[in-house]
Amino acid sequence: GKGNYRHFMEKELHEHPAVLGDTLRQYLDPKTLEVRLPRLPFDPARVPRLTISACGSAFLAGSVGRYWIEQLARLPVDADVASELRYRNPPLMEEGGAILVSQSGETADTMAALRLLKEGGQKVLSVVNVPESSMARESDGAVLTAAGPEIGVASTKAFTAQLAVMACLAIGFGRARRELSTLDEGRLTQALLEVPGNAALVLEKNEQIHELAAEVAKARDVLFLGRGSLYPIALEGALKLKEISYIHAEGYAAGEMKHGPIALIDSSVPVIALCPSGPLFEKTASNLQEAAARGGRIMALTDADGVERLSRFAERVIELPKVSEISAPILYAIPVQLLAYHVAVLKGTDVDQPRNLAKSVTVE
Ligand code: F6R
């Protein structure tokens, strides 16, 4: 049941710390600070290329995974939504590998992509939440997210659990390919082990997110901006908001604003900026400043090191815990989900059962 929560989505949002802990503990050793991956269907040290495919939020988790795997393991990755991949007739490499991501393990397009990749000689690993699903069965190997049953149609804890698994894979691949030292591995593992505690701190920002939601609920259009591994999280924020509050939202790579979308900016469009401190911070900050100079209402999510810089032009700044680069996309996913939740509640939509949607899309 829902316990003391109004909606399954609210309950599931509050399960983030526990689910992230359970998922990370499967693949990280807190004593040695090493990644322990199960047997994989491809050898990450030798595989020439990976294809990542999935649908919806699961695809966005895979897209963050692509950043991590390319950065930490220097392994080329192609990522595409399953409904496109299956008809794209992509040239696949001999001995190539693939990672498919799914909560249900039953999504029709993802299953079709799986079969196409297998027929094309790729060794397929699935990142899946339901161990007895079709996807887990038909893949050459599976790594499980330990999210437990997710009832709300909009994915919450399953999404962050997918991110946690992708992060562990990326570190493991990085070690296998000797791109990461044991010291790097220890540092990254330590950072990930702090994610569940930080997720609890992020949930404590609920009141501020609720206040932001009151502003967002009045808007007709909303923009989400991010860079690097936060770009897929901007897309996730837009997807969630559309999905459960029916407000039109778009996610953009912050640097793309000036190539078109900045024309949309006026004082009626809230711009939600995902802007943790780090190597890309100043780039994003200056994109935001440009939007603010054109009347844009910047609502920034950042950490202690970003507050001062962004407060110079942002209408609202919400301070999240300062975390390492690898943890930021996992933790910034939580406030964008919370935001969508509160906006939907304010608008009175059916949060757990949004119109026209099903939890598991088993038809094409
Ligand atoms: C969005 C959402 C969907 C699913 C997508 C894939 O909140 O839940 O976009 O992520 O339908 O579903 P699975 O992961 O079951 O393959």
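Brief remarks follow.
- Filter result (in a strand (DSSP E or B) and touching a Cys at 6+ places or on another chain (Cβ under 8 Å)) within the stretch 99-140: 102
- Filter result for residue 325 (open to solvent by 50 Å² or more (accessible area, probe 1.4 Å) and outside any loop (DSSP other than H, G, I, E, B)): no
- Number of the condition not met by residue 277 [criteria: (1) open to solvent by less than 40 Å² (accessible area, probe 1.4 Å); (2) modelled with pLDDT under 95; (3) not β-branched (Val, Ile, Thr)]: (2)
- Filtering the stretch 148-184 to residues that are part of a helix (DSSP H, G or I), open to solvent by 10 Å² or more (accessible area, probe 1.4 Å) and not β-branched (Val, Ile, Thr) leaves 172, 175, 176, 183, 184.
- Within the option set 333, 304, being surrounded by fewer than 20 Cβ atoms within 10 Å (Cβ to Cβ) and small (Gly, Ala, Ser) holds for one residue only, 304.
- Exactly one residue out of 142, 136, 164, 146 is within 21 Å of residue 44 (Cα to Cα) and more than 14 Å from the ligand (Cβ to nearest atom): that is 164.
- Scanning the stretch 85-109 for residues that are basic (Lys, Arg) and away from the ligand (no atom under 16 Å from the Cβ) gives a single hit, 88.
- Test: residue in the stretch 256-274 that is under 15 Å from residue 235 (Cα atoms), surrounded by fewer than 16 Cβ atoms within 10 Å (Cβ to Cβ) and more than 16 Å from the ligand (Cβ to nearest atom): yes
- Look at (1) small (Gly, Ala, Ser); (2) open to solvent by 10 Å² or more (accessible area, probe 1.4 Å); (3) at negative phi and you find that residue 226 fails only one, number (2).
- Options 291, 238, 285, 300: the member that is within 16 Å of the ligand (Cβ to nearest atom) and among the hydrophobic types (A, V, I, L, M, F, W, C): 238
- Taken over the stretch 64-90, the criterion of being assigned to a helix (DSSP H, G or I) and open to solvent by less than 10 Å² (accessible area, probe 1.4 Å) is satisfied by 64, 65, 69, 73, 82, 85.
- Considering each residue of the stretch 24-38 in turn, none proves to be within 16 Å of the ligand (Cβ to nearest atom) and without any contact (Cβ under 8 Å) to a residue 40 or more places away in the chain.
- Within the stretch 102-123, considering residues that are hydrophobic (A, V, I, L, M, F, W, C) and touching a Leu at 6+ places or on another chain (Cβ under 9 Å), the one most open to solvent (accessible area, probe 1.4 Å): 116
The values are calculated or read from the model by the stated rules, or taken from the named source; none is laboratory data. Since we're looking at a predicted model, the values are computed, not measured. Every residue, glycine as well, gets a Cβ built from its backbone with ideal geometry; the counts of neighbours run over all protein chains shown. Heavy atoms of the whole protein, side chains included, go into the accessibility calculation; ligands, DNA and RNA do not. Shrake-Rupley method; radii C 1.70, N 1.55, O 1.52, S 1.80 Å.
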